[in-house]
Amino acid sequence: MYRPKQVYNNGLPLKKRIVNKIEKVNKILLLRLFGKLLRVKKIHSPIPLENVNSVLIIRYDALGDMIVTTPLWRILKRLKPSIKIGVAGSSKNLGLLRDDTDIDVIYDYSAQSFFDFFRITKKTRKTDWDIVLMCKFNQKTRGAMIAGLSTSTGVTATIGSANAEGHQALFSRLVSLPQPEKEMQMTEQVQFLLRSIIALPIETNERPSIIVSNTAETLTHQRIKTILQQDSLTSYIVLNTDAPEARKWGIKNNILLAQYISDHHTEYTLMVTSLPENHHELEMAMSSIPRVHYFATRDVLELTTLIRFSSLVITPDTGTAHIVSAESKPIIGLYPEAGEWLPYKIPSYILIPKKGESINTIPVSMVATAVTTMLSEIAMGKTSFVNIIRCQTPDIIETREFIA
């Protein structure tokens, strides 16, 4: 499946077209068979909330994916406090849920192979969930089998369109989005899924949110205040330097930006964060820059608290960007492209490299200008904009306004 497809000058030969037709028919038949084995119970309209007593939400992918999904259980618990909520996550994102009192049951769906899910879901099936929402929208066949294995007689649903391959046979309902995927942010997609399966008295989308216990928040906030007192300041900017390898901006770029902020924005302390393995290198590199401090965070809830009390966050990491969205803070995001993973309804400058180039080619001068402009606009009270800028032009290529 990873080989380049052969190009035919006069279109596909008859033999190739016949083979493709046979393959499609085989796949449809197999998927329908899987649907029968999973005993899929079809639905064609939302179920009244009063008839739903339990919902399992499956989100075993990345941290940011779990953050954008948090409105689902907030909405359900607010509208029906007695409803039982289960969330299935993984080692990548379960730390986010440690203090979340709106979740009744948490399952660890970390798995090395599909066969691990057979073992894992045995525990989940002990609660006969009324509804299972598969919130990981790719790998439909795999997702359908995991959702089906997670409940004995419940309804299963995910986002997707009815297609020639027949994935609709695997779910109780395959929900089509009202807009193209790239034009609808992920937190809106999952909330549309929820409203399509359960009849709710609300139509508006809600912001993601993260619960941190008072004790954990107080301890982290005290560390922040101690650093601010050293600098005789009250406000700070967060510079997150880490991201997956393909999305890193580079230590040299981060050091130059830290120096710029120290030189030109003396009213702010700069708190620098990274993965633990880069702690010592960054701390040494930044130690000589005035009002710049490495802030070690042991887990995602400490990072959330650091962001919660900040004035601005700069990051190339979309997981961190979703924490910023949840905390309603301004952001300067370094993205490979704009799409459904943009920050949600917060003041944003989204900087994108030239087409085909990596994030580390975004110039420091461009990020520095965005910092100065953002701080100025916030000071003037402008709080409801997303500006998207690509490197090959000095101009904003797109502006999106929203209701804050």
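Taken over region 70-89, the criterion of being among the polar types (S, T, N, Q) and surrounded by fewer than 21 Cβ atoms within 10 Å (Cβ to Cβ) is satisfied by SER82 alone. Criterion applied to THR127, THR141, THR151, THR158 was being among the polar types (S, T, N, Q), in a strand (DSSP E or B) and assigned by TED's automatic domain parsing to the domain that holds ARG39, and the one residue passing it is THR158. If you go through region 48-60 and pick out every residue that is surrounded by fewer than 19 Cβ atoms within 10 Å (Cβ to Cβ) and not polar (S, T, N, Q), you end up with 3. Evaluation of SER287 against the conditions (1) surrounded by 15 or more Cβ atoms within 10 Å (Cβ to Cβ); (2) at pLDDT below 95; (3) among the small types (Gly, Ala, Ser) shows that the sole unmet condition is (1).
Looking across region 91-116, the residues that are touching a helix residue (DSSP H, G or I) at 6+ places or on another chain (Cβ under 8 Å) and either under 17 Å from TRP129 (Cα atoms) or outside the structural domain of LEU149 (by TED's automatic domain parsing) (or both) come down to ASP102, ILE103, ILE106, TYR107, ASP108, TYR109. Residues in region 363-387 that are outside any strand (DSSP E or B), of a type outside the set (Gly, Ala, Ser) and over 21 Å from ALA258 (Cβ atoms): GLU377, MET380, LYS382, THR383. Kindly indicate whether LEU96 is in contact with a Pro (Cβ under 8 Å, 6 or more places away or on another chain) and in contact (Cβ under 8 Å) with a residue 12 or more places away in the chain. No: the conditions fail for LEU96. Considering only region 290-299, state which residues are of a type outside the set (Phe, Trp, Tyr), at pLDDT 95 or above and buried (at least 18 other Cβ atoms within 10 Å of the Cβ). Correct list: ARG291, VAL292, HIS293. Just a yes or no: is a residue in region 90-105 modelled with pLDDT under 95 and in contact with a strand residue (DSSP E or B) (Cβ under 6 Å, 6 or more places away or on another chain)? No.
List, please: which pairs have Cβ atoms under 8 Å, are six or more places apart or on different chains, and start with a residue in region 234-254 that is farther than 23 Å from LEU375 by Cβ and part of a helix (DSSP H, G or I) and end with one that is among the acidic types (Asp, Glu) and modelled with pLDDT under 90? These pairs meet every condition: ILE251/GLU281.
In region 266-362, counting only strands (runs of 3 or more DSSP E) that sit wholly within it, the ones holding 1 or more residues that are farther than 17 Å from ASN254 by Cα span 348-352. A Cβ distance below 7 Å, combined with a sequence gap of six or more or placement on separate chains, defines the contacts here; from region 309-323, residues that are assigned by TED's automatic domain parsing to the domain that holds LEU257 and polar (S, T, N, Q) reach residues that are in a loop (DSSP other than H, G, I, E, B) and at pLDDT 95 or above in the pairs SER310/LYS329; SER311/SER235; SER311/TYR268.
Residue-wise test of (1) buried (at least 16 other Cβ atoms within 10 Å of the Cβ); (2) under 25 Å from the mean Cα position of the chain (by Cα).
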{"position": "SER213", "(1), (2)": "no, yes"}
{"position": "GLN222", "(1), (2)": "no, no"}
{"position": "ASP231", "(1), (2)": "yes, no"}
{"position": "LEU239", "(1), (2)": "yes, yes"}
{"position": "GLU245", "(1), (2)": "no, yes"}
{"position": "GLY250", "(1), (2)": "yes, yes"}
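Would you mind stating whether ILE67 is crowded, with 18+ Cβ neighbours inside 10 Å, touching a His at 6+ places or on another chain (Cβ under 7 Å), modelled with pLDDT of 95 or more and over 11 Å from ASP108 (Cα atoms)? Answer is yes for this residue.
Among the residues making up region 222-251, those that are more than 22 Å from THR318 (Cβ to Cβ) and not hydroxyl-bearing (Ser, Thr, Tyr) are GLN222, ARG223, ILE224, LYS225, ILE227, LEU228, GLN229, GLN230, ASP231, LEU233. In region 66-78, the qualifying residues are those that are of a type in the set (A, V, I, L, M) and touching a Pro at 6+ places or on another chain (Cβ under 7 Å), and the one that is farthest from GLU203 (Cα to Cα) is ILE67. Among the conditions (1) within 25 Å of LEU94 (Cβ to Cβ); (2) crowded, with 20+ Cβ neighbours inside 10 Å; (3) at pLDDT 95 or above, MET186 misses just one, which is (3). Which of the residues spanning region 189-222 are without any contact (Cβ under 8 Å) to a residue 40 or more places away in the chain and not in a loop (DSSP other than H, G, I, E, B)? Matches in region 189-222: PHE192, ASN214, THR215, THR218, LEU219, GLN222.
The values are calculated or read from the model by the stated rules, or taken from the named source; none is laboratory data. For clarity, every value in this text was computed on a predicted model and none was experimentally measured. Please note: Cβ atoms are built from the backbone with ideal geometry, for glycine as well, and neighbour counts cover all protein chains shown.
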